Amino acid sequence: MKKLIYFLSLSCFFGFSQNQVNLQESSVKWTGVQLSGKSHYGTLSFKSADLSFSDEKLVGGNFVVDMTSLSVDDLTGRGKTSLEGHLKANDFFSVNDFNYSELTLKTVDVVSENEYSATGELTIKGRTNKAKVSFHKEEGSKNMKAKLVFDRSKYDVRYGSGSFFENLGDKLILDDIELEVTLIIM
């Protein structure tokens, strides 16, 4: 019986691997769009990020984003500082109260050799909802790109949202926020 348990343990150890993500070189780009078509974009940094593989196929992962790192990259000067402060305030992401957001992958399906479709749980401002993420493994590399679109209204991110306010006209900010992620694997 001990040999069987030892064999199963070794099989799990060698069949599955955890890959660390280079946090400094990896990136999260966010994009938000107004009804008028005007948009803003910027970046966020990871606090931690891990991917799990079995036989070199993605099977899971966990990502924690440092919300205090929220940056606006399409503006400079006072405009940049003002929008960053606004996005970190309570009517957007309440960064003082919620320093981190987290995504935990629950299921991963292979779409093709280098493409994956994953579902998981995304937590922002202490609220957790299901999320879908597409992953693409770069050819000849362990590095991956991921794309996630989430509905900010499900996380109580209210400012300019038609889900909470009426008659916003072209000041309405769409609820869908797009995240484009580059994961540099060590």
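Quick note: the coordinates plus some simple rules give every number you see, no bench work behind them. No experiment lies behind these values; they were computed from the predicted model shown. Using ideal geometry, Cβ is built from the backbone for each residue, glycine included, and neighbour counts are taken over all protein chains shown.
In segment 137-186, what GluC sites (Glu not before Pro) fall in a loop by DSSP, with at most 16 other Cβ atoms inside 10 Å? Provide the component values of the computation, followed by the final result.
Values: sites: GLU138, GLU139, GLU166, GLU178, GLU180; in loops: GLU138, GLU139, GLU166.
For GluC sites (Glu not before Pro) across segment 137-186 that sit outside H, G, I, E and B with at most 16 neighbouring Cβ atoms in 10 Å, the list reads GLU138, GLU139, GLU166.
Where Lys and Arg each count +1 and Asp and Glu each count -1, what net charge lies around THR119 among other residues with Cβ under 9 Å from its Cβ?
+1
Give the aspartates and glutamates whose C-alpha is closer than 12 Å to that of LYS47, dropping any in the same chain fewer than 8 places away, or say none.
ASP66, GLU102
Counting other beta carbons within 10 Å of each residue's own, what order do THR123, THR76, THR31 fall into, fewest first?
THR76, THR31, THR123
Segment 16-183: D in µm²/s via Stokes-Einstein (Kirkwood Rh, Cα pairs, 20 °C, 1.002 mPa s)? Spell out each step's value before the answer.
Working: Rh = 16.8 Å.
So the translational diffusion coefficient is about 128 µm²/s.
Under 16 Å Cα to Cα from LYS142, which lysines show up? Leave out anything in the same chain fewer than 8 places away.
Partners found: LYS57.
Which of these, GLU102, GLU121, GLU25, has the largest mean-square fluctuation under a Gaussian network model of the chain (Cα springs below 10 Å)?
Maximum among the listed residues: GLU25.
For segment 105-186, compute Rg over Rh where Rg is the Cα radius of gyration and Rh is the Kirkwood radius from the inverse mean 1/r over Cα pairs.
Working: Rg = 15.9 Å, Rh = 14.5 Å.
That ratio equals 1.09.
What net charge is computed for the residues neighbouring VAL181, neighbours being all others with C-beta under 10 Å from the C-beta of VAL181, Lys and Arg scored +1, Asp and Glu -1?
Surrounding charge for VAL181 is +2.
Between PHE46, PHE164, PHE150, which gets the highest mean-square fluctuation from a Gaussian network model of the chain, Cα cutoff 10 Å?
Maximum among the listed residues: PHE164.
Taking the alpha-carbon distance from LYS130 and a cut-off under 19 Å, which lysines remain once sequence neighbours fewer than 8 residues away in the same chain are dropped?
Hits, sequence-local ones excluded: LYS106, LYS147, LYS154.
From Cα pairs below 8 angstrom and at least 6 apart in sequence, can you work out the relative contact order of the chain, rounded to a whole percent?
Computed value for the chain: 22 percent relative contact order.
For the chain, what is the calculated [θ] at 222 nm in deg cm²/dmol (nearest 500), taking -39500 (n - 2.57) for each run of four or more DSSP H residues and dividing by its residue count?
Helix contribution divided over all residues of the chain: -4500 deg cm²/dmol.
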